[in-house]
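Visitor: Here you go, one structure.
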């Protein structure tokens, strides 16, 4: 129940920020939308038994900042490859094990892999995530597992 | 004044990275490498341009809206690239390494 | 102001190049890649354009465009994942 209240609060703030009007009519529209969405969330929870909690924690924001740094670094790498000669290109494909991580963490991990330029998660199933990389080096650094440990420190503990 | 200079720097860098991405789209040899080039424009160029625009606002509602655009794009663009790569893989497109290996037909 | 104008022109030319890439691609996935890039750049272009003309209301349109672009992408991919199995070459896909 508590997470529904948090959802309602977040959605109300979202509505107010997007509209920026404080007239009665528009506020009541906002109220109706928030109630409708919270009702839908509750229905979805009872259907699939997976309450959707918002990842609002300090470690998540720290992870986002770290990820932005990684994006900047690997963008520079890819930029060098684009403007340099294309002979140096060594695309590689590999399977990384994600068997013992929970589903939510897996999704965040695959999305982070794709978001950093130079690596791309091609396929994901129960045991492996298939990663295509522009440079064989970045596969190695993924296998070293820095991103994996950071991701599981964000969500892994409580789910 | 400092904010405006910083914002100009961000916008110019963002434009540069956009061009990098699209040049890569023309230059790279096969589909999967081209996705990497496109993801440069999706991530770093979007971040830079949106931050450049945020520095030009008065940090009110407009800045929050820009931040929402950024969050939407950062959530959706990797999902789109992943869906694209996955359906290309299931559609039977080979990567460069696999094309260079014994198999010689397929993939233009 | 000059920086905004320069950025909008740059984004516009990137959009044109992406569209050109989509038009002369040889597989349907390349086309979708080009069109996706065109779409995300359009959302950015609308945002920059709003600042250039001094009307930040345009940002709402940019948000909507970003969402529609994503949903359209996923819909097109759903369609082609199950239809374009063997001969991907002879598809005439646009938009």
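Visitor: Rounded, prolate or oblate for chain B? Axes are the square roots of the Cα gyration tensor eigenvalues, ordered a ≥ b ≥ c, and the cut-off for rounded is a/c under 1.5.
Guide: On the way: a/c = 5.98, a/b = 2.33, b/c = 2.57.
Judged from the Cα gyration tensor, chain B comes out oblate (a/c at least 1.5, b/c at or above a/b).
Visitor: Can you give the average number of partner chain beta-carbon atoms within 10 Å of each beta-carbon in peptide A:72-84, as a whole number? Numbers along the way, then the final one.
Guide: Details: counts 4, 1, 5, 11, 3, 1, 11, 9, 1, 8, 15, 5, 0.
Mean number of neighbouring Cβ atoms from other chains: 6.
Visitor: Angle, helix C:58-83 long axis vs. longest principal axis of chain C, Cα atoms, 0 to 90°, nearest 10?
Guide: The answer is roughly 10 degrees.
Visitor: Roughly what angle does helix A:146-155 make with the longest principal axis of chain A, taking Cα atoms, 0 to 90 degrees, to the nearest 10?
Guide: Relative to chain A, helix A:146-155 is tipped by roughly 10 degrees.
Visitor: To the nearest 0.05, how large is the calculated FRET efficiency for residue A:57 and residue A:16 if R₀ is 25 Å and r is the Cβ-Cβ distance? All intermediate terms of the calculation are to be shown ahead of the outcome.
Guide: Values: r = 23 Å, r/R0 = 0.93.
Efficiency, rounded to the nearest 0.05: 0.60.
Visitor: Just to verify a number: FRET efficiency for residue A:153 and residue B:58, C-beta to C-beta distance, R0 = 30 Å, to 0.05? If you can, show how the numbers build up before the last one.
Guide: Details: r = 37 Å, r/R0 = 1.23.
So the FRET efficiency works out to roughly 0.25.
Visitor: Here is a further query. Is chain A rounded, prolate or oblate when judged by the Cα gyration tensor, a ≥ b ≥ c being the square roots of its eigenvalues, rounded requiring a/c under 1.5 and prolate requiring a/b larger than b/c?
Guide: Details: a/c = 2.85, a/b = 1.85, b/c = 1.55.
Prolate shape, in that a/c is at least 1.5 and a/b is the bigger ratio.
Visitor: What residue among A:11, A:73, A:115 shows peak mean-square fluctuation when chain A is described by a Gaussian network model with Cα springs under 10 Å?
Guide: Most flexible of the set in this elastic network: A:11.
Visitor: Right, here's the next one. For segment B:49-95 and segment B:6-32, write down the distance between their C-alpha centroids in whole Å.
Guide: 15 Å
Visitor: Using Cβ counts within 10 Å as a stand-in for footprinting exposure, how do B:22, C:35, B:12 rank, fewest first? Kindly include the intermediate steps, with their values, before the conclusion.
Guide: Numbers: B:22 28, C:35 22, B:12 17.
By the 10 Å Cβ count, ascending, the order reads B:12, C:35, B:22.
Visitor: For chain A, modelled as a Gaussian network with Cα springs under 10 Å, which listed residue fluctuates most, A:134, A:67, A:18?
Guide: Comparing A:134, A:67, A:18 in the GNM, the peak value goes to A:18.
Visitor: Can you sort A:57, A:75, B:7 by how many other beta carbons sit within 10 Å, fewest first? Working shown, then result.
Guide: On the way: A:57 12, A:75 24, B:7 19.
Placing the least packed residue first, the sequence is A:57, B:7, A:75.
Visitor: Which residue fluctuates the most in chain B, going by a Gaussian network model with Cα springs under 10 Å, if the choices are B:72, B:31, B:17?
Guide: Highest fluctuation among the options: B:72.
Visitor: When the helices in the protein assembly as shown are scored as -39500 (n - 2.57) per DSSP H run of 4 or longer and the sum is shared across all residues, what 222 nm value do you end up with, to the nearest 500 deg cm²/dmol?
Guide: Numbers: 14 runs with 254 residues, N = 362.
The per-residue figure over the protein assembly as shown is -24000 deg cm²/dmol.
Visitor: What is segment A:2-48 by shape, rounded, prolate or oblate, if you read a ≥ b ≥ c off the alpha carbon gyration tensor as root eigenvalues and call it rounded for a/c under 1.5, prolate for a/b larger than b/c, and oblate otherwise?
Guide: Details: a/c = 3.32, a/b = 2.17, b/c = 1.53.
Judged from the Cα gyration tensor, segment A:2-48 comes out prolate (a/c at least 1.5, a/b above b/c).
Only the coordinates and a few stated rules stand behind these numbers; no lab work does. Not measured: the values here are computed from a predicted model. Please note: Cβ atoms are built from the backbone with ideal geometry, for glycine as well, and neighbour counts cover all protein chains shown.
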